[in-house]
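Q: Below is a structure I'd like to ask you about.
The values are calculated or read from the model by the stated rules, or taken from the named source; none is laboratory data. What you see is a predicted model; the values in this text were computed from it and never measured. Positions of Cβ are backbone-derived with ideal geometry, glycine not excepted, and every protein chain shown enters the neighbour counts.
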Amino acid sequence: MNQDISTVVFGAHSVCEVLKNNRRRVERIFTTKQESKAFRQVKGVLPSRIPVSFVERTTLNKLAGTPDHQGVVAAVAPFPFRKKLFAPERTPLVVFLDSVQDPRNLGAILRSAYCTGCSGVVFAGRQTAPLSGTAHRASAGLAERLEILIEPSPLEAAKNLIKAGYTLYSGALGGTRISEVDIQLPAVLVVGNEGEGVSSQIQKLSTRIMLPQQSADVSYNASVAAGLMMFLVSTKHHLI
């Protein structure tokens, strides 16, 4: 494997999406000597120029860092993160992840973002989970179809989005029911950290919205809350 390859993706959907979207180089595919169902799926979109190495499952476990790889791992170039802030006229709905730490939550949010027509995503804060192989697989590879911007300071990112013309809506307990808020585009939906929620600084810059729930002593999982908010806003504005 070349030294400039810094990451891997694994699982049938993730590897297929990297190949189909052609946004980054695939250096090599690794799979088991006994052909897996996942690799049969990958073969359908695999260009002949990309080499395939047949290895033991233990080798795949080491490459992926997990046994949860379905028998196929791809060595790929780094993800092409966006360099510029989103423009409201081109990306009317953005989801903003304020230090979301669980890679599976992050991946599930990316999957919902694509499905609901929310094509812009901000990873805000140094504690936000990276787009690892685990997160990529949780997105079913749909991260490859999204524009993702990394911003180390959530507060500065929020201020810059407001300057660009967006209105921020933060999911927060104690906020106004989302059905009672007239959310207009361009909008940024802010999803908070699994433990602390959206930071108080960003809440002060936002309209606080809440998803109704059965009792106040529980809360939705971060990825579920994000998916519900994106779906409600997207359907209201006919983005899907």
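Q: Within the stretch 133-157, how many residues are buried (at least 18 other Cβ atoms within 10 Å of the Cβ) and without any contact (Cβ under 8 Å) to a residue 24 or more places away in the chain?
A: Qualifying residue count, the stretch 133-157: 0.
Q: Going by the conditions given, is ILE162 of a type in the set (A, V, I, L, M), surrounded by fewer than 19 Cβ atoms within 10 Å (Cβ to Cβ), over 24 Å from ASP68 (Cα atoms) and in contact (Cβ under 8 Å) with a residue 60 or more places away in the chain?
A: no
Q: Let me ask another. Answer yes or no: is there a residue in the stretch 156-172 that is more than 17 Å from VAL94 (Cα to Cα) and not aliphatic (A, V, I, L, M).
A: Within the stretch 156-172 (the criterion being more than 17 Å from VAL94 (Cα to Cα) and not aliphatic (A, V, I, L, M)), the answer is no, since none of the residues qualifies.
Q: Among residues belonging to the stretch 41-56 that are charged (D, E, K, R) and over 26 Å from the mean Cα position of the chain (by Cα), point out the one that is surrounded by the fewest Cβ atoms within 10 Å (Cβ to Cβ).
A: The selected residue is ARG49.
Q: Can PRO130 be described as within 17 Å of VAL191 (Cα to Cα) and crowded, with 24+ Cβ neighbours inside 10 Å?
A: no
Q: With respect to ALA129, determine if the residue is touching a helix residue (DSSP H, G or I) at 6+ places or on another chain (Cβ under 7 Å), closer than 30 Å to VAL26 by Cβ and modelled with pLDDT under 95.
A: Yes: the conditions hold for ALA129.
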